[in-house]
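A.B. asks: Handing you a structure now.
The values are calculated or read from the model by the stated rules, or taken from the named source; none is laboratory data. Predicted model only: the values in this text are computed from it and were never measured. Note that we place each Cβ from the backbone using ideal geometry, even for glycine, and neighbour counts take in every protein chain shown.
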Amino acid sequence: MGVTGRGHPWPVPFDAEVVLGCRDRPTVVLASGDPFWHGAGASLAEKLEAGEWIAHSAPSTFSLAAARLGWRLEAVACLGLHAAPFERLVPHLAAGARIICLVRDGKAAGDLAKWLSERGWGASAFWSLTALGGPRESIAEHRADGLAGDLAGNLVAVAVEARGAQGIPRSAGLSDDLFAHDGQITKRPVRALAISALAPRPGERLWDIGAGSGSISVEWVLCGGTATAIEMREDRTANIRSNASAFGLAHRIAVVTGRAPEALAGLDAPDAVFIGGGLDGAMFDAIWPLLAPGTRLVAHAVTLETEALLGDLHQRHGGELMRVEIAHAGPLGRYRSWEAARPVVQWSAVR
């Protein structure tokens, strides 16, 4: 970055104030490639008026990397991992998936290769790409689990072609075993029904009230939205944070420790609400007026009292009321028999 004739290095982590401090003086910011793709451009433009800046973009690191590897960029996941956890890769990892990551330096590239290997992706092809587009350009291919130590120098990017393991499914109703929980979890088949009723869309926000393990929040966010998980028990909020991190979604799931409706004060309005347990008349009467018209609400009941409440709410507000009974095959002596789970009643409505 050059500022009125004097050079200043970028602060790490990035801080726009070093530029904003030069406001109203001629200032030049030098950033590699396209500053509006995992770059400084948007971070600065959001804090400046439209007439205060002009950008002259060059080919991005992603474009240069795809051009060197012969990859279709529209089919590649492009991530900035300068200051983000490697878990951000989790939703993108699948057999044959191609990913280009901007990383901090050679040590971070080595750490990423180790991270992939520890999670079953050691057979992945792993390219280090340095100084792309310049006279010192260097590209080297490795196998993730064969990378010996850290890579030297200040790497710009790594590229990965994922091999060796299976990614997480894209369907609703992920295996319960993927989540940290203490038994308080919306079980897989019921969770699939809940996600279907919630009807997530990219960019939408969920309130997950009585979140338990946060499994509903995780599956909602995997569909492209954001979520706020509200849970009154601190040991369970720890599980929610653990699950959000494990799926690479900690930046899109906010966790609030508290009891609804008090814990909802000051939260951004949701597009959908899920109440997995603990609903009573007073809670509903406090939450319903907070919701904007068109907000979707889904509530589950396993007790007779809450089931009766949902029946009353269905009569008053309409929507759909459904009772689900699920049984799993289990051993009975030398034979097998059906083991019934508690019935679940689901009420879904639109405000």
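A.B. asks: Which residue, of P169, P135, is part of a loop (DSSP other than H, G, I, E, B), over 27 Å from the mean Cα position of the chain (by Cα) and of a type outside the set (D, E)?
C.D. replies: Values: P169 fails: over 27 Å from the mean Cα position of the chain (by Cα).
One residue alone meets the criteria, P135.
A.B. asks: Surrounded by 15 or more Cβ atoms within 10 Å (Cβ to Cβ), within 30 Å of V221 (Cβ to Cβ), outside the structural domain of A238 (by TED's automatic domain parsing) and in contact (Cβ under 8 Å) with a residue 60 or more places away in the chain, is that true of G133?
C.D. replies: Numbers: surrounded by 15 or more Cβ atoms within 10 Å (Cβ to Cβ): yes; within 30 Å of V221 (Cβ to Cβ): no; outside the structural domain of A238 (by TED's automatic domain parsing): yes; in contact (Cβ under 8 Å) with a residue 60 or more places away in the chain: yes.
Taking the combined requirement at face value, the residue does not satisfy it.
A.B. asks: Another one. Among the residues of the stretch 208-251 satisfying the criterion of being of a type in the set (G, A, S) and touching a Pro at 6+ places or on another chain (Cβ under 8 Å), which is farthest from L89 (Cα to Cα)?
C.D. replies: Of everything passing the filter in the stretch 208-251, G225 is farthest from L89 (Cα to Cα).
Residue by residue, here is whether (1) surrounded by 11 or more Cβ atoms within 10 Å (Cβ to Cβ); (2) touching an Asp or Glu at 6+ places or on another chain (Cβ under 8 Å); (3) modelled with pLDDT of 80 or more holds:
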| residue | (1), (2), (3) |
| --- | --- |
| W10 | yes, no, no |
| L20 | yes, no, yes |
| P26 | no, no, yes |
| V29 | yes, no, yes |
| S32 | yes, no, no |
| E52 | yes, no, yes |
| R72 | no, no, yes |
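A.B. asks: Name the residues in the stretch 225-254 that are in contact with a helix residue (DSSP H, G or I) (Cβ under 8 Å, 6 or more places away or on another chain) and among the hydrophobic types (A, V, I, L, M, F, W, C), would you?
C.D. replies: Passing the criteria: A227, A229, I230, M232, I240, A244, A246, F247, L249, A250, I253.
A.B. asks: Additional query: Is it the case, given these coordinates, that L129 is touching a Leu at 6+ places or on another chain (Cβ under 9 Å) and over 19 Å from G248 (Cα atoms)?
C.D. replies: Values: touching a Leu at 6+ places or on another chain (Cβ under 9 Å): yes; over 19 Å from G248 (Cα atoms): yes.
The answer is yes for L129.
A.B. asks: Please list, ordered by residue number, the strands (runs of 3 or more DSSP E) wholly in the stretch 255-351 having 1 or more residues that are surrounded by 10 or more Cβ atoms within 10 Å (Cβ to Cβ) and touching a helix residue (DSSP H, G or I) at 6+ places or on another chain (Cβ under 9 Å).
C.D. replies: Details: elements: 272-275, 296-301, 320-324, 327-332, 335-340, 344-350.
Strands (runs of 3 or more DSSP E) meeting the threshold: 272-275, 296-301, 320-324, 344-350.
A.B. asks: Return only the number of the condition from (1) in contact with a Lys or Arg (Cβ under 6 Å, 6 or more places away or on another chain); (2) more than 30 Å from V302 (Cα to Cα) that G173 does not satisfy.
C.D. replies: (2)
A.B. asks: A follow-up question, please. Being among the polar types (S, T, N, Q) and surrounded by 19 or more Cβ atoms within 10 Å (Cβ to Cβ) is the filter here; which residues of the stretch 139-172 pass it?
C.D. replies: none
A.B. asks: For the stretch 173-210, what are the residues that are surrounded by 19 or more Cβ atoms within 10 Å (Cβ to Cβ) and among the small types (G, A, S)?
C.D. replies: Across the stretch 173-210, the qualifying residues are G173, A194, A197, G210.
A.B. asks: If you take the residues in the stretch 101-123 that are within 23 Å of the chain's Cα centre (by Cα) and in a loop (DSSP other than H, G, I, E, B), which one is farthest from I168 (Cα to Cα)? Break it down stepwise before answering.
C.D. replies: As a first pass, look at the stretch 101-123 and keep what is within 23 Å of the chain's Cα centre (by Cα): 101-104, 108-109, 111-121.
Imposing the further condition that a residue be in a loop (DSSP other than H, G, I, E, B) reduces the set to 103-104, 119-121.
Details: V103: 24, R104: 27, R119: 12, G120: 13, W121: 13 Å.
Checked the stretch 101-123; the qualifying residue farthest from I168 (Cα to Cα) is R104.
A.B. asks: Before we move on, is A94 of a type in the set (G, A, S) and part of a helix (DSSP H, G or I)? Don't jump to the end; show me each part of the working.
C.D. replies: Numbers: of a type in the set (G, A, S): yes; part of a helix (DSSP H, G or I): no.
When the stated conditions are applied, A94 does not pass them.
A.B. asks: Anything in the stretch 73-97 that is of a type in the set (A, V, I, L, M, F, W, C), in contact with a strand residue (DSSP E or B) (Cβ under 8 Å, 6 or more places away or on another chain) and closer than 19 Å to N154 by Cβ? List them, or say none.
C.D. replies: Once the filter is applied, which keeps residues that are of a type in the set (A, V, I, L, M, F, W, C), in contact with a strand residue (DSSP E or B) (Cβ under 8 Å, 6 or more places away or on another chain) and closer than 19 Å to N154 by Cβ, the stretch 73-97 yields L79, L81.
A.B. asks: On to the next question. Pick out the one residue from G248, G333 that is more than 31 Å from the chain's Cα centre (by Cα) and on the phi > 0 side of the Ramachandran plot.
C.D. replies: Of G248, G333, the one residue that is more than 31 Å from the chain's Cα centre (by Cα) and on the phi > 0 side of the Ramachandran plot is G333.
A.B. asks: Taking G311, is it modelled with pLDDT of 95 or more, at positive phi and in contact with a strand residue (DSSP E or B) (Cβ under 7 Å, 6 or more places away or on another chain)?
C.D. replies: Criteria not met by G311.
A.B. asks: Right, something else. Quick one: is A65 among the aliphatic types (A, V, I, L, M), outside any helix (DSSP H, G or I), at negative phi and outside the structural domain of G21 (by TED's automatic domain parsing)?
C.D. replies: Judged against the criteria, A65 is not a match.
A.B. asks: Looking at (1) out of contact with any His (no Cβ under 7 Å at 6 or more places or on another chain); (2) touching a residue at least 24 places away in the same chain (Cβ under 8 Å), which is the one condition that is false for Q346?
C.D. replies: Result: Q346 fails condition (1) only.
A.B. asks: Right, another one. Please specify each residue of the stretch 213-237 satisfying the condition of being outside any helix (DSSP H, G or I) and surrounded by 24 or more Cβ atoms within 10 Å (Cβ to Cβ). Can you show your working first?
C.D. replies: Here is the first cut: in the stretch 213-237, the ones outside any helix (DSSP H, G or I) are 213-214, 223-233.
Listed by number, the residues that qualify are S213, G214, A227, A229, I230, E231.
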